Structure formats: C-alpha cells, structure tokens
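Worksheet: one structure, shown below.
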Amino acid sequence: MPSVPRNLIIDDQSIFHVTWQCHNKDWLLKEGWAKKIYYNLLLKFKDRYHIKIYSYCFMSNHPHLTGYCETQQQLSDFFRIVNSLFARLVNKRLNRRGQVVMDRFKSPKIESEADLERVMLYVDLNPNRARMVVHPKDYKWSSFAYYAYGEEDILITPSPTYFKMGVTATQRQSVYLSMIEEILRNDWCEKKPFSSTYFVGDPDWVKRKYQKLKEIKKEKIQKWRKRFKEKFLK
C-alpha cells in the first residue's frame, strides 16, 4: 500500500488491525525470546495509551494484532514506543545494529464487530495458512487458546463479539472453536489479506472510504500545483 497519513485511515475510537514487517523481512521475531519481549512491551504500555488488544498472532517476521484505540494519536504513540524499544532490545540481544521494524506499521480500520470477528479468525489462523502448524492449537504465540479453550492471557481484553457467542464461557469457547474448525474443513482463506487494505468492512462502506481518500489526494495535489506555480512560475 502507498503511504497515507494515518489520521485519514484511523479515527478516534476505532477498531484496528495492526501489522508490520521486520526489516528486509528478516526473521527477527522468530525466536521465543523475541516474541516474549514484544508481548511484554505490549502489556507494559497498552493501559498507558488506552489501547485494548482483542487478539494477536506473532509470526516469524511480523505480528498481527486487533484492538481498540481511544484516539488515533494514542495508537501511533503506543506502537512508536513499543516498536522502538523492541528494536533496541532485539539489537542488543543479537549484537547487531540497524533497523528492526521495516517502515511504518499498517493499521487498517475495521468497520463493525462482525468484521472484527472475521479478522480475529484470520489472525488466529495465520500459522496454519503459513503451514507452520496443522491446527492453531499447536501454535503458542496467538490468542487462539484464550478464545477456544479459555486459557489465561493477561494481554487480551475480550472482544465485544466474543460475548455474543454464548451466555457462558464454555459456550463461547465452543462456538469460537467450531468456527475455526469449519474454516479448516473448508480450506477457507480471504481473497485479499486484511493487511493489504486500508479499510475492512461492508464493500459499500469501503468504497466510500477509498473515494474520500481519492478526493483528499486530488485536493492536495491541486494545492501543491497552485503553490508551485505561485512560487516558481510568476
């Protein structure tokens, strides 16, 4: 995706899907100690910046997270400090120098709770799609065990969609697990990865959001051309 100012993608009080790549797509997040560092940094700073983490999956060279932010600025500040400290600690551990996180993180906005549910399933199934495991239960570094089996995970704030899956925790876990199993049986996958778009939601809503971006871009180009003419073509 070409770079677009984050305040044109994420609003205050938004549900987000965040991901980023390690520099040169190196496997700097592969080892358990690296994943643990990132987990602990997210845990340490999420409350300070009023961020809720609904789900996550740490792959070998990139993470996926869904959650909620009170303000767009807090979201930016949160990942700025978490990612910068992660880079510093990884470089120290590996006795290396240079960039760890490649470019800025992506943060598509999620329109509704139903769309959030789709992205959460996508996130927890990442290790399966990458052929790292046959079933997400065999992958440690994701939110799957929390939602499917009720295992404690202090990083997670339960998703609002999860509470609508049943009256009791056992019912909710059974529903979530059955959704995962259904996807695995049908070899389902999203035609377009959620990280390759700015907006996740109803197609008409997404179309309107992209049209707005297009209009803003056109307006900025027109303003730039006007300033250029006024400055250099007098």
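The values are calculated or read from the model by the stated rules, or taken from the named source; none is laboratory data. All values derive from a computational prediction rather than experimental measurement. Glycine gets a Cβ as well: all are built from the backbone with ideal geometry, and neighbour counts include every protein chain shown. Keep in mind that these areas ignore ligands, DNA and RNA; they rest on the heavy atoms of the full protein, side chains included. Shrake-Rupley method; radii C 1.70, N 1.55, O 1.52, S 1.80 Å.
Multiplying the sequence separation of Y149 and I81 by 0.36 nm and subtracting their Cα-Cα distance, what value in nm do you get?
21.3 nm
Considering only protein heavy atoms and a probe of 1.4 Å, how much of the accessible area of the chain is carbon and sulfur, as a whole percent? Can you show the working numbers first?
Numbers: 6760 of 13290 Å².
Carbon and sulfur atoms account for 51 percent of the accessible area of the chain.
Over 19 Å between Cα atoms, which of K30/K92; K52/K106; K109/K207; K30/K109 qualify? Present the calculation step by step, with values, prior to reporting the outcome.
Working: K30/K92 16 Å; K52/K106 17 Å; K109/K207 13 Å; K30/K109 27 Å.
Exceeds cut-off: K30/K109.
What's the FRET efficiency of K92 with V133 using the Cβ-Cβ distance as r and R₀ = 45 Å, to the nearest 0.05?
Details: r = 30 Å, r/R0 = 0.67.
Calculated transfer efficiency: 0.90.
Straight distance only, please: which aspartates and glutamates reach the Cα of K36 with their own Cα at less than 20 Å, same-chain residues fewer than 8 apart left out?
D26, D47, D124, D138, E151, E152, D153
Angle, helix 203-232 long axis vs. longest principal axis of the chain, Cα atoms, 0 to 90°, nearest 10?
Tilt of helix 203-232: around 30 degrees.
Given a 1.4 Å probe, how much area per residue of the chain is accessible, in Å²? Spell out each step's value before the answer.
Details: 13290 Å² over 234 residues.
The answer is 57 Å² per residue.
Quick one: dipole size for the chain, taken about the Cα centre, charges +1 on Lys/Arg Cβ and -1 on Asp/Glu Cβ, in debye to the nearest 20. Mind dumping the intermediate values first?
Numbers: 43 positive and 26 negative charges, 379 e Å.
I would put it at about 1820 debye.
Distance cut-off 23 Å, Cα to Cα: go down the list K140/K164; K44/K140; K25/K214 and report the pairs above it.
On the way: K140/K164 25 Å; K44/K140 20 Å; K25/K214 30 Å.
Where the Cα-Cα span goes over 23 Å, the pairs concerned are K140/K164; K25/K214.
Give the cross-link partners of K46 among the aspartates and glutamates, using a straight C-alpha distance below 13 Å as the criterion and excluding same-chain residues fewer than 8 apart.
Here the aspartates and glutamates satisfying the reach criterion relative to K46 are E70, D77.
Can you give the charge dipole size of segment 29-113 about its Cα centre, rounded to the nearest 20 debye, using +1 on the beta carbon of Lys and Arg and -1 on the beta carbon of Asp and Glu?
560
I need the phi-derived Karplus couplings for segment 175-187: 6.51 cos²θ - 1.76 cosθ + 1.60, θ = phi - 60°, integer Hz, Gly and Pro marked x.
Karplus-based 3J(HN,Hα) across segment 175-187 equals 5, 4, 5, 5, 5, 4, 4, 4, 5, 5, 5, 9, 6 Hz.
Which of W141, G67, N24 sits farthest toward the positive end of the charge dipole of the chain, with +1 on the Cβ of Lys and Arg and -1 on the Cβ of Asp and Glu?
Result: N24.
Mind listing the phi-derived Karplus ³J(HN,Hα) values for segment 42-55, rounded to whole Hz, using 6.51, -1.76 and 1.60 with θ = phi - 60°, and x for any glycine or proline?
4, 5, 5, 9, 4, 6, 4, 9, 6, 9, 10, 9, 8, 7
Taking 25 Å as R0, compute the FRET efficiency from the Cβ-Cβ separation of R118 and E70 and round it to 0.05.
Working: r = 23 Å, r/R0 = 0.94.
Calculated transfer efficiency: 0.60.
Using just the alpha carbons, could you tell me how many Å³ per residue the convex hull of the chain encloses?
Values: hull volume 34.5 nm³, N = 234.
Output value, Cα hull per residue: 147 Å³.
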